[in-house]
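Asks: A single structure is presented below for examination.
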Amino acid sequence: MSDSCSHDCSSCGSSCSDRTAPQSFLAPCNPNSSIKKVIGIVSGKGGVGKSLVTGLLATGLQRSGKKTGILDADITGPSIPKAFGITEKATGNNDGIIPVTTKTGIDLMSINLLLENTSDPVIWRGPIIAGTVKQFWTDVIWKDIDTLLVDMPPGTGDVPLTVFQSLPVDGIIVVTSPQELVSMIVEKAVKMAKAMNIPIIGIVENMSYVSCPDCGKQIPIFGESHLNEIAAEYSLPVLGRIPIDPSIAKAVDEGAIEDYNSDWLVPAIDAVNGLGA
Ligand code: ADP
């Protein structure tokens with residue numbers, strides 16, 4: 001304990017033996033940033049459509065009149081700039097890094113906006129990757145953002161831990177697909193969120209079914225979904241079910257996700273906009 005101790009552990013970073021309050025690891029955002037809500041988009045494994053859900057959700061939130069940003073925390077597999085057709089690089093000034101703005105006004109930050117060659121792999125150790133994500137929070141100027149979506153790498157490694165400790169995350173949305181062991185993924189997410197003291201807003205199921213082009217019948221090609229039972233078991237709302245649709249993959253490949261029209265994520269958009277309202 002230092003001589004100048006005020007006995008207010010909440011504002012002190014020292015880990016002395018007299019500490020009575022847990023130390024906060026929250027990192028300050030850039031002084032020029034203004035962010036009302038931070039939402040994490042998580043999944044148990046890669047390829048389930050987490051980035052797609054982040055992109056569609058951001059598009060929907062922006063259309064609902066809320067200024068939206070995406071912090072692409074998936075450093076080794078960044079797919080957000082491509083989905084939005086962004087090829088330009090982020091710039092900076094003395095105040096910080098300036099995100100790239102999409103055609104509908106969504107602010108983006110991703111490692112691919114900083115790499116000279118977007119095909120260059122990021123071959124960094126975990127702590128460097130986690131530090132980069134933290135800098136996307138502390139150094140980037142997120143101006144007048146109503147909702148910042150954080151596209152997390154899959155799983156529960158260094159980066160999710162850093163994000164949950166360093167950013168004031170208001171809630172997470174779990175993206176699953178019917179091929180996954182959904183029950184286990186959801187249970188892991190519930191336990192992690194509880195350990196980190198962060199609420200789960202709900203679950204989105206991607207690749208739920210295919211709509212027959214002739215009769216419109218929904219065909220559950222991975223078998224019947226158990227999402228509703230699992231959601232009920234953990235008292236979590238289902239915030240949307242997205243079909244497998246080649247037109248989605250085409251929109252992402254062409255960088256035209258903002259032109260894509262669908263109403264699958266309306267419950268997710270409403271839940272995010274209603275959070276803390
Ligand atoms: P993740 O972020 O979970 O790794 P992505 O969102 O990058 O997954 O999706 C992986 C690939 O699958 C992308 O090429 C995406 O366009 C495609 N994809 C995802 N969901 C669908 C869907 N419902 N219908 C068609 N293609 C999809």
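Asks: Leaving ligands and nucleic acids out of the surface, order Asp107, Asp144 by accessible area at 1.4 Å, largest first.
Replies: Values: Asp107 10, Asp144 105 Å².
Ranked list, largest accessible area first: Asp144, Asp107.
Asks: Which peptide among 201-213, 223-235, 261-273 comes first, and what is the full order, when sorted by highest mean count of other Cβ atoms within 10 Å? Don't skip to the end; give the middle numbers.
Replies: Values: 201-213: 19.8, 223-235: 13.5, 261-273: 17.5.
For the peptides 201-213, 223-235, 261-273, the packing ranking is 201-213, 261-273, 223-235.
Asks: Roughly how many percent of the accessible protein surface of the chain is carbon and sulfur, given a 1.4 Å probe and a whole-percent answer?
Replies: Summing carbon and sulfur atoms, their accessible area is 53 percent of the total for the chain.
Asks: 5 Å is the cut-off here: which amide hydrogens, built 1.01 Å from N in the peptide plane, fall below it relative to Leu167, excluding neighbours closer than 5 in sequence?
Replies: Amide H neighbours of Leu167: Ala27.
Asks: Give me the net charge of Ile41's neighbourhood, meaning all other residues with Cβ under 12 Å from the Cβ of Ile41; Lys, Arg count +1, Asp, Glu -1. Display every interim value, and only then the final one.
Replies: Numbers: positive: Lys50; negative: Asp72, Asp74, Asp151.
Once all neighbours under 12 Å are counted, the net charge is -2.
Asks: Treating cross-link reach as a plain straight distance, find the aspartates and glutamates whose alpha-carbon is under 18 Å from the alpha-carbon of Lys67, omitting any fewer than eight places away in the same chain.
Replies: Asp107, Asp144, Asp146, Asp151, Asp170, Glu258, Asp259, Asp270
Asks: Still on this model: Ranked by accessible surface with a 1.4 Å probe, highest first, in what order do Asp151, Asp245 come? Intermediate values should be presented prior to the final figure.
Replies: On the way: Asp151 0, Asp245 50 Å².
Sorted by accessible area, descending: Asp245, Asp151.
Asks: What spacing in nm lies between the two simple spin-label points modelled at Val190 and Ser235, each 7 Å away from Cα in the Cβ direction?
Replies: If labels sit at Val190 and Ser235, their model points lie 1.0 nm apart.
Asks: Compute the separation of the alpha-carbon centres of region 162-215 and region 39-111 and state it in Å as a whole number.
Replies: 18
Asks: Let me ask something additional. Here are some pairs, Lys89/Lys191; Lys50/Lys194; Lys66/Lys194; Lys66/Lys134; which of them have Cα atoms lying more than 32 Å apart in this structure? Walk me through the numbers on the way to the answer.
Replies: On the way: Lys89/Lys191 38 Å; Lys50/Lys194 21 Å; Lys66/Lys194 28 Å; Lys66/Lys134 24 Å.
Cα-Cα > 32 Å for Lys89/Lys191; rest within.
Asks: I would also like to ask the following. Could you run the Karplus curve 6.51 cos²θ - 1.76 cosθ + 1.60 with θ = phi - 60° over region 46-52 and give me ³J(HN,Hα) per residue in whole Hz, x for Gly and Pro?
Replies: x, x, 8, x, 4, 5, 4
Asks: Now for a different question. Might you tell me the accessible area per residue for the chain, computed with a 1.4 Å probe and given in Å²?
Replies: Details: 13680 Å² over 277 residues.
Per residue, the chain has 49 Å² of solvent-accessible surface.
Asks: Let me ask you something else. By DSSP, what percent of the beta bridges with both residues in the chain are antiparallel, rounded to the nearest 5?
Replies: 20
Asks: Net charge around Cys29, counting only other residues with Cβ within less than 12 Å of its Cβ (Lys, Arg = +1; Asp, Glu = -1)? Working shown, then result.
Replies: Details: positive: Lys36, Lys134, Lys143; negative: Asp139.
Value of the local net charge: +2.
The values are calculated or read from the model by the stated rules, or taken from the named source; none is laboratory data. Predicted model only: the values in this text are computed from it and were never measured. Using ideal geometry, Cβ is built from the backbone for each residue, glycine included, and neighbour counts are taken over all protein chains shown. Just so you know, the surface numbers come from the protein's heavy atoms only, side chains and all, with ligands and any DNA or RNA stripped out. Shrake-Rupley method; radii C 1.70, N 1.55, O 1.52, S 1.80 Å.
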